[in-house]
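Bear in mind these aren't lab numbers, they're just calculated from the coordinates by the rules spelled out. Remember, predicted model here, so these are calculated numbers, not experimental data. Positions of Cβ are backbone-derived with ideal geometry, glycine not excepted, and every protein chain shown enters the neighbour counts.
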Amino acid sequence: MNRNELARYIDQTTLKPGMNHDYVAKFCRNAKENHFASVCILPNMIETAAEALKDSDTKVCTVISFPLGFDWPDVKIHETEDALDKGAQEIDLVMNVSALKSERYDIIIEELDGVVKASHARGAIVKLIIETPLLTNDQIVKACGLAEQHGVDIVKTSTGFSAMLPRSTSVDDVKLIRSSVKPETGIKAAGGIRTTADTLAMIEAGATRIGASAGEEIIGGL
């Protein structure tokens, strides 16, 4: 794999609080030059990212109900519709982990159906963040099943918000997801992935996207 091929796996990510629009615009221009798959930014930066990435092969990705995922389905759906109106092309939706652990699958189904319908109607894809560090293996398999049954395009391991998580995403997480979904369903590994070696290990395990803030360093390692 060469540098350009690896870049197409990467969602170059900046979700820090306190960023200004000039910082995000510069970040996006750099991502555009490197031909990363997408730039993942906070919802209030979508329009800035869309302008900076115009006429490029790098998509505008944003997060919904980030990082906790505890908003009610109607709030998540409204936030998604607003993000799409502002120019988002990829949606990273944080699953309601509490609902999964409580076996309130109806809540997850409602949020998935609404977000997927709104996104697909606009040609956008949906990645469901299931937060593997907080789940048992059985719960990961259940989350993957719900994602597939309700039209999710990519299952994403984690928000990567380390302060609230017991560990980072592991290769075993990716392998378990890969064995739990159809071949055509994508997998995004995110959370603690900082090196070229980390990235290649996740891809070897089955990841089709990598969420990382260190995209330049990762592709620079080849």
- Message: If you take every residue apart from LYS32 with its C-beta less than 14 Å away from the C-beta of LYS32, what net charge results, scoring Lys and Arg +1 and Asp and Glu -1?
- Response: -1
- Task: With θ set to phi - 60°, apply the Karplus curve 6.51 cos²θ - 1.76 cosθ + 1.60 along segment 112-122 and write out the HN-Hα couplings as whole Hz, x wherever there is a Gly or Pro.
- Result: 5, 4, x, 5, 5, 4, 4, 6, 5, 5, 10
- Query: What whole number of Å gives the distance from the Cα centroid of segment 80-134 to the Cα centroid of segment 175-196?
  - Reply: 17 Å
- Task: Could you work out which residue, out of ALA147, ALA212, ALA197, moves most in a Gaussian network model of the chain, that is, has the largest mean-square fluctuation with Cα springs under 10 Å?
- Result: ALA197
- Query: Going by a ≥ b ≥ c, the root eigenvalues of the Cα gyration tensor, does segment 72-181 fall in the rounded group (a/c under 1.5), the prolate group (a/b larger than b/c) or the oblate group?
  - Reply: prolate
- For segment 129-145, in residue order, the Karplus 3J(HN,Hα) values (coefficients 6.51, -1.76, 1.60; θ = phi - 60°; whole Hz; Gly and Pro = x) are 7, 9, 6, 3, x, 9, 10, 6, 4, 4, 5, 4, 4, 5, 4, 5, x
- For VAL94, residues with placed amide H under 5 Å, excluding near neighbours: ILE64, ILE129
- Query: If you wrap the chain's Cα atoms in a convex hull and average its projection over all directions, what's the area in nm²?
  - Reply: 10.8 nm²
- Query: Distance from the Cα centre of segment 198-222 to that of segment 1-27, in angstrom?
  - Reply: 13 Å
- For segment 73-90, Karplus couplings with θ = phi - 60° (6.51, -1.76, 1.60), whole Hz, Gly/Pro x: x, 5, 5, 4, 5, 4, 4, 5, 4, 5, 4, 5, 4, 8, x, 5, 10, 9
- Query: Which pairs in the list LYS16/LYS86; LYS26/LYS117; LYS59/LYS117; LYS59/LYS156; LYS26/LYS188; LYS16/LYS175 are over 27 Å apart, alpha-carbon to alpha-carbon?
  - Reply: LYS26/LYS117; LYS16/LYS175
- In the chain, which Cys residues have no partner Cys with a Cβ closer than 4.7 Å? CYS28, CYS144
